[in-house]
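In what follows, a structure is listed as structure tokens, so that the remarks can point back to it.
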Amino acid sequence: MIRYLFRCVTLASLLAAGSGPGLAAQAADELHPVQQDVRALTEATFGGDVETTLGFTHPTGLKDAGGREAARKALVQLQEEFSSSGMKVESLSFPSPPDFLETEARRFAIVPTLTILSMAGLRLEVLGFHIGVLEPDAKGWTYVDGARVNGSNVRDFFPDFPGGYTFPKVHSKPL
């Protein structure tokens, strides 16, 4: 069962992250807009709202998934697995404020998260982060799950990402 939880978390990381109903660890008006986005993304991802999840996913994440339609199909399947297994997000919190970085091409926000997932009486703590990206002339931020990104491969996703940045620690562990 723990392996299944880890597998679902890994599948969710293929696209993006966000929040769901009942995940309010802080009042929305106290959160930075990128944290509000990540909360909405998590709610959409675990709540079955495929269009919202796709809307928050950076084009790099969609490309990695094989394109928008392949990403849509993967999300539908993932959300069916969440639903049939009873997987739920117990809580989503933000252990530290977001970091903001800027290049000539775009802005980045590193948004640390702490998520508690549950399924069939088992619980999993996931410490992670999302990379928010604000492209020039974009109307809003889009995101890539930090579970897929580190200092060694970040430039595969974003060639202009500032060098020398230390990403937040990540882990998944049963509770």
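Values quoted throughout were computed directly from the atomic coordinates according to the rules given, and no laboratory measurement underlies them. If you're wondering where the values come from, they're calculated on a predicted model, not measured in any experiment. Every residue, glycine as well, gets a Cβ built from its backbone with ideal geometry; the counts of neighbours run over all protein chains shown.
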Based on alpha-carbon atoms only, what is the radius of gyration of the stretch 23-175 relative to the globular estimate 2.2 N^0.38 Å? 1.03
Starting from 0.36 nm per residue, how many nanometres of slack lie between ARG123 and LYS73 once their C-alpha separation is accounted for? 15.3 nm
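List the relative contact order of the stretch 42-96 as a percent without decimals, with contacts defined as Cα pairs under 8 Å and 6+ residues apart.
Working: 25 pairs, mean separation 20.3, N = 55.
RCO, the stretch 42-96: 37 percent.
If you take every residue apart from GLU135 with its C-beta less than 9 Å away from the C-beta of GLU135, what net charge results, scoring Lys and Arg +1 and Asp and Glu -1? Provide the component values of the computation, followed by the final result.
Values: positive: ARG106, ARG107; negative: ASP137.
Here the charged neighbours net out to +1.
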Gained length - SER152 relative to GLU90, 0.36 nm times residue gap less alpha-carbon distance: 19.1 nm
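Cβ neighbours within 10 Å, averaged per peptide: list 35-43, 139-147 in order, most packed at the top. Let's see the in-between values first.
Details: 35-43: 23.7, 139-147: 20.0.
By packing density, highest mean first, the sequence is 35-43, 139-147.
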Histogram of C-alpha separations across the stretch 29-117, 10 Å bin width, %: 15, 41, 35, 8, 0
Can you tell me the FRET efficiency between THR166 and LYS139 if r is taken as the Cβ-Cβ distance and R0 is 41 Å, rounded to the nearest 0.05? 0.85
Between GLU80 and GLU51, what length comes free when the chain is fully extended (0.36 nm per residue of separation minus the Cα-Cα distance, one decimal in nm)? 8.9 nm
Quick one: which residues, 5+ away or cross-chain, put their amide H under 5 Å from the amide H of ALA65? H built at 1.01 Å from N. none
Using a Förster distance of 25 angstrom, determine the FRET efficiency expected from the C-beta separation of LEU101 and LYS63, and round it to 0.05. 0.70
